[in-house]
Every structure is written in C-alpha cells, then in structure tokens.
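Have a look at the structure below before the remarks.
The values are calculated or read from the model by the stated rules, or taken from the named source; none is laboratory data. Remember, predicted model here, so these are calculated numbers, not experimental data. All Cβ positions, even for glycine, are placed from backbone atoms using ideal geometry, and neighbour counts span all protein chains on display.
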Amino acid sequence: MRLTKYFIPVLKETPSEAQIVSHRYMLRAGMIKQSSAGIYSWLPLGFKVLQKIEKIVHEEQMAAGHIPMLMPTLQSADLWKESGRYEDYGEEMLRITDRHGRDMLYGPTNEELITDIFRSHVTSYKDLPLTLYHIQWKFRDEIRPRFGVMRGREFYMKDGYNFDLDYEGAMHSYNRHMISYLRSFERMGLKAIPMRADSGPIGGDDTHEFLVLAETGESEVFYDNRILDLAFGNKEVNYEQRSECAGLVENWTKPYARTKETHDETLFNMVSEEHRKESRAIEVGQIFYFGTKYSDSMNAKVQNDKGENVSVHMGSHGIGVSRLVGAIIEANHDEKGIIWPEGVTPFHCGLINLRQGDDETDLACEKIYTSLKLVGLDVLYDDRTERAGGKFATMDLLGLPWRITVGPRGLKNNVVELVSRRTGVSEEVSIDQVSKRLAVIYGLV
Ligand code: ATP
Ligand code: MG
C-alpha cells in the first residue's frame, strides 16, 4: 500500500481526552475515531489490526473443534424474560422498542439466543458435545466508558457456548477453551495469565479470567511469576484427548494466580518471596462453566442413552477482540509509538524513500515494493515528499515491526537499511535479498 493512496489520518497533537497510552496512540496513529461516548469508527489501520486478531481467534477456535456462526446484534426481549435476566441485567442493557411496540435489546451477550437455537434443534445426546461461537458486536451501556476501545459501550467480542451431556464433558469443553484462548493470546504476542476469578452475576462454579499485565489495567492481580515462563510455542494440541487437555490446564493453573476478588493471602504467602508479584492487569477474556442454569430455566434438554430427558451442561466463553487492540498496545509501545507484535501488525513492514522524486531512489523503492508483495508481504510504502525526520517519526508511531530505508548513499553499494522497531538494531541488506530476509522472518518460506 502506498501511503499517498491510503487513509491514515495521523494526528500531530496528543489528544487531551485520552488518559492512557493505547488510547493516545490509537487516536494519533489514525486507527479509530470516536463517534459518541464509548462508540468508535475503526479507520483502515485500526480495522486491519482488528481483522488480524479476529482471524487468529477464528483459527484457534476452529482448531479446538468449535463451530463458527453468526447471531444478530438486536434481540427480542422475550427470551431474556424467559431466562429472568431481562430485569436482572439492569441499566447496562440498551433497550429498544420497535414500531410495533415490541421490546427489543442490543445484545450484551448471547446465552439466551444460543440456548433457544439449541433447544429448537437438538434433542438427543447423540448430537453432543457441541460448541458454537460467533464474533459479533455487543452493546453494554457502561456507566463510565473510558480508555478508548478498552471500555467501550459498543465492542467486538468472541463468545462461545458449549453444550455437553454431563459435568465431565463440560469440563473438557472448559479445558479446550482455556487452551485455545492461551494459544490465541500467545500468537498475538501477549502474555495472558489465566486467573481464578469471581463468577459475578452470571453465576457458576468454575471461571477463569485471562489477564495481561499493564499498569493501566483496571484489575488488581496477585501471581507467582513463574507462570510467565509457560508457553505453547509450536507444540500441537490434540483437543480430542481429554487427559492431554486436562494435563495442560493443570500445568497452567498450578502457579498461584488470582484476581483481587478471589485472592487468598495465606495461599499467596506460601509462594516464595522472590516469585510473589502484585500488579495491575487488563482482562482480555473469561471462561465460565455454569452447569444447567440456562438449560433449566429455558428448558434445553436432551434425551440420554436411557431415554431420560436431562438438562444440558453449559458454559460460555468470551474474548474481548476490540479490547485486545488496546491491550496489545499497552503491552507493546515506547515513547515514540506502538511496537506491533508480528502476529497482529497491520503491515509486515514499512518502506521509506529518503529521496522521493530522485529517479534512482524511486526506481529502487518500486523494485523492493514489488518484490515484497510477490513473496506475500504486506508493505506500507511511505512515498510522500516529506523530509526524512517526519517519515521516521510517522513510521515509529505506526509501529510496524520492520522498516526498510532506501537512500542514495546505500544504493551506491546496492544496499538498504533494515531496522527492527522493537530492538532498534539496524543492518545493511542487499536490495535483492531484503524481501527474502523478511519472508523468512515471517515464516513465508
Ligand atoms: P469487565 O469486568 O471488564 O466489565 P466483563 O467481565 O463484564 O468485563 P465478560 O462478560 O467476561 O466481560 O466479556 C468477555 C470479554 O469481553 C471481557 O473479558 C473483555 O475482554 C471484553 N469486554 C467486556 N466488556 C467490555 C467493554 N465494555 N469494552 C470492551 N471490551 C469489553
Ligand atoms: Mg469478565
């Protein structure tokens, strides 16, 4: 993409309304624009990151055997009256009346709708287990929307729902969700810690939140820092194997890690002092097992192998897709701007022409631009006739992991500069090799 043909409305001034760094950088880098309190338009650059995150979530969910679908944003109030949550949900629910006077609402979550779909079509244990999910906009009329996309009113969320015949089956679903979530966050370049949490108004026996450490986070957390050493890497998981999944979850939940709501000082003090940490953190996801709460109240039953009608065991599991964009920036930035992890970067690399209008430099840039695209790399080419300092500052703000700089001095020796945004380390690479180098870095060859 050529910057002169694209749309990145970069702001020179730091917006005064933004209190935290991710919000400031998202506004300055032209990723979002507020349309009203807690409601944002996603401008092209922000939209690209959102889509990258969404793609990772889809891939990991499908790998775990969970099935994608799409439910509407607007729901009829009837189902919520049936489950009893229409009154309970309170002021956070945006209630709407249609022209016929029917009560509608903008969905804050989808337990009721999915349970209705399930009970309409599934009647036998033979159709279980089943996990359905979607990625859809939600609305919660938060009393204090703030921090940009971190606490919006309209936000993008992955929510999945498992239906199992019994407790053991539901626990396996719970474990699959925990593993697939951890793998998703890892691919996004994030360390998200699963923490035993409080079940709150949804109610339930088992729940974990996934927290990203950040000073600006709204949660207070206590953990054993050895949990930060755990990683999946390239290891495959066999999601069908109950014992394998249970073992992985056991590994990830053994070290002490709790939010303030479930924190236990006595247990925490048993962790050796050098490993005991307290921090603030951002909740990027949560998984719940809630048993038969909705299947009882909404009559979602299947026939078991003895011919008895039994309520299905359910759980619901959410990832804050739009919040993640902010959380990733909170965890990856410096004083110059964003530093995108390679897994979610809006462009793989930036290309800077130091002498726009100079035939030889322009030609070299065109050649590199074409070769990058040929190997499958998405490149942002700064082809503006602006001074070098301004181009560097913009590129640093946008945070692409790699920058190629092309200028007359290097071209004398047929080389360009390749710089890592994260480490600042710079090296000379020959014009013919630079696209290959990056293709290797991104695992494209
Ligand atoms: P919070 O405690 O932050 O209000 P929650 O526990 O009510 O969130 P869940 O119902 O667990 O939220 O929703 C799943 C995920 O959706 C959360 O982990 C979070 O990442 C995201 N999320 C929830 N509320 C918002 C919001 N107002 N803006 C952006 N993302 C949100
Ligand atoms: Mg939550």
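Condition first: closer than 30 Å to Lys48 by Cβ and away from ligand 2 (no atom under 16 Å from the Cβ). Now tell me which residues in segment 281-327 satisfy that. Working first, answer last.
Pass one, segment 281-327, residues closer than 30 Å to Lys48 by Cβ: 281-287, 316-327.
Selection gives Val325 alone.
Within segment 144-172, the set of residues being in contact with a helix residue (DSSP H, G or I) (Cβ under 7 Å, 6 or more places away or on another chain), within 16 Å of ligand 1 (Cβ to nearest atom) and either charged (D, E, K, R) or not in a strand (DSSP E or B) (or both) comprises Phe147, Gly148, Val149, Met150, Gly152, Lys158.
The set of residues in segment 257-279 being surrounded by 13 or more Cβ atoms within 10 Å (Cβ to Cβ) and away from ligand 2 (no atom under 16 Å from the Cβ) consists of His263, Phe268, Val271, His275, Arg276, Lys277, Ser279.
Listed by position, the strands (runs of 3 or more DSSP E) contained in segment 279-321 that have at least 3 residues being within 30 Å of Phe47 (Cβ to Cβ) are 313-320.
Tell me the residue from Glu386, Glu330, Glu360 that is assigned by TED's automatic domain parsing to the domain that holds Glu186 and more than 17 Å from Val419 (Cβ to Cβ), please.
Going through Glu386, Glu330, Glu360 in turn, just one is assigned by TED's automatic domain parsing to the domain that holds Glu186 and more than 17 Å from Val419 (Cβ to Cβ): Glu330.
If I ask for residues that are polar (S, T, N, Q) and more than 10 Å from ligand 1 (Cβ to nearest atom), which ones from segment 219-232 would you list? Spell out the reasoning first.
First, the residues of segment 219-232 that are polar (S, T, N, Q): 219, 225.
Asn225 - this is the single residue of segment 219-232 that is polar (S, T, N, Q) and more than 10 Å from ligand 1 (Cβ to nearest atom).
Taking segment 330-360 as the range and being surrounded by fewer than 23 Cβ atoms within 10 Å (Cβ to Cβ), within 18 Å of Arg437 (Cα to Cα) and small (Gly, Ala, Ser) as the test, only Gly343 passes.
Which one of Arg99, Arg95 is closer than 27 Å to Arg323 by Cβ and out of contact with any Cys (no Cβ under 8 Å at 6 or more places or on another chain)? Even if it seems obvious, please write down each step before you answer.
Details: Arg99 fails: closer than 27 Å to Arg323 by Cβ.
Checking each option against the conditions leaves just Arg95.
Within segment 21-51, the residues that satisfy the criterion of being surrounded by fewer than 19 Cβ atoms within 10 Å (Cβ to Cβ), closer than 18 Å to Leu400 by Cβ and in contact with a Gly (Cβ under 9 Å, 6 or more places away or on another chain) are Leu43, Pro44. Candidates in segment 56-84 are the residues that are out of contact with any Phe, Trp or Tyr (no Cβ under 6 Å at 6 or more places or on another chain) and part of a loop (DSSP other than H, G, I, E, B); of these, the one that is surrounded by the fewest Cβ atoms within 10 Å (Cβ to Cβ) is Leu70.
Residue selection: Thr216 satisfies the criterion of being in a loop (DSSP other than H, G, I, E, B), within 16 Å of ligand 1 (Cβ to nearest atom) and not hydrophobic (A, V, I, L, M, F, W, C).
Is it the case that segment 128-150 has a residue that's surrounded by fewer than 17 Cβ atoms within 10 Å (Cβ to Cβ), more than 28 Å from the chain's Cα centre (by Cα) and over 30 Å from Gly30 (Cβ atoms)? Checked against the condition, which is being surrounded by fewer than 17 Cβ atoms within 10 Å (Cβ to Cβ), more than 28 Å from the chain's Cα centre (by Cα) and over 30 Å from Gly30 (Cβ atoms), segment 128-150 yields no hits at all.
Which of the numbered conditions does Glu220 fail, given that it passes all the others? Conditions: (1) within 16 Å of ligand 2 (Cβ to nearest atom); (2) within 25 Å of Glu111 (Cα to Cα); (3) at pLDDT 95 or above. Against the list (1) within 16 Å of ligand 2 (Cβ to nearest atom); (2) within 25 Å of Glu111 (Cα to Cα); (3) at pLDDT 95 or above, Glu220 comes up short only on (2). Figure legend. Inter-residue proximity from segment 329-352: first residues in contact (Cβ under 8 Å) with a residue 60 or more places away in the chain and closer than 15 Å to Thr394 by Cβ, second residues part of a loop (DSSP other than H, G, I, E, B) and among the charged types (D, E, K, R), beta-carbon distance below 6 Å, spacing 6+ or different chains. Indicated pairs: Ile339/Arg421; Ile339/Arg422; Phe347/Asp378. For segment 45-59, the condition holds for no residue, the condition being that it is of a type in the set (A, V, I, L, M), under 29 Å from Arg183 (Cα atoms) and more than 16 Å from the chain's Cα centre (by Cα).
Mind checking whether some residue in segment 324-341 is closer than 19 Å to His177 by Cβ, among the charged types (D, E, K, R), within 16 Å of ligand 1 (Cβ to nearest atom) and at pLDDT 95 or above? No, segment 324-341 contains no residue that is closer than 19 Å to His177 by Cβ, among the charged types (D, E, K, R), within 16 Å of ligand 1 (Cβ to nearest atom) and at pLDDT 95 or above.
In the set (1) surrounded by fewer than 23 Cβ atoms within 10 Å (Cβ to Cβ); (2) in contact (Cβ under 8 Å) with a residue 60 or more places away in the chain; (3) touching a Phe, Trp or Tyr at 6+ places or on another chain (Cβ under 8 Å), Lys158 fails one condition alone, (1). Is one or more of the residues making up segment 33-47 assigned by TED's automatic domain parsing to the domain that holds Ile319, touching a residue at least 24 places away in the same chain (Cβ under 8 Å) and among the hydroxyl-bearing types (Ser, Thr, Tyr)? Within segment 33-47, one or more residues are assigned by TED's automatic domain parsing to the domain that holds Ile319, touching a residue at least 24 places away in the same chain (Cβ under 8 Å) and among the hydroxyl-bearing types (Ser, Thr, Tyr).
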